[in-house]
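K.L.:
The structure is given below, and queries will be raised subsequently.
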Amino acid sequence: MSCTHQQATLFDVEETFPERFAQWLAFHRDNPQVWAWFKFYAGELQKHQQIGSARLIGERIRWETAVRVTREADLPKLNDHHWPYYARLLMATDERFAGFFHTRDAKFDVDIETLVRLANEE
């Protein structure tokens with residue numbers, strides 16, 4: 001099924017975009033703390049490096065939540081496939097991070113405007 005990005009909504013995202021994006025979007029909405037952590041640790045990393053690694057930030061989030069959260073049931077399941085979406089969202093929404101992450105456009109399956117719009121819908 002083909003649909004223009006301007007017509008996409010949360011309700012048809014699974015039919016419009018590949019499965020990974022739909023999974024990330026659902027995770028992003030269910031776990032806003034992960035977005036907050038990603039932004040925080042990206043800021044910490046940027047103090048020391050000119051180019052960031054979304055995977056490195058993801059692993060830092062894993063580490064910090066593992067040592068600080070006392071009940072394993074309280075931990076969100078962190079999927080490595082989510083980090084590229086968080087990196088693109090951060091670069092698109094905070095000019096301090098423009099170009100901070102290297103991206104592989106050939107493997108990315110949604111345009112930035114749609115990513116930002118859908119990530120911010122309630």
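Throughout, read-outs are computed from the coordinates displayed, never taken from laboratory work. Since this is a predicted model, take the numbers as computed values, not measurements. For neighbour counting, all protein chains shown are included, and Cβ atoms are generated from backbone atoms with ideal geometry for every residue, glycine included.
K.L.:
Using modelled amide H (1.01 Å from N, peptide plane; none on Pro or chain starts), what sits under 5 Å from the amide H of ASP111, excluding residues fewer than 5 places away?
P.N.:
The list, which skips near neighbours in sequence, is empty: none.
K.L.:
Sticking with this one: For a footprinting-style exposure proxy, rank ARG117, ARG104, ARG60, ARG96 by other Cβ within 10 Å, fewest first.
P.N.:
ARG104, ARG96, ARG117, ARG60
K.L.:
Determine, for each peptide in 33-41, 48-56, the mean count of other beta carbons within 10 angstrom over its residues, then list the peptides with the highest first.
P.N.:
Highest to lowest by the protection proxy: 33-41, 48-56.
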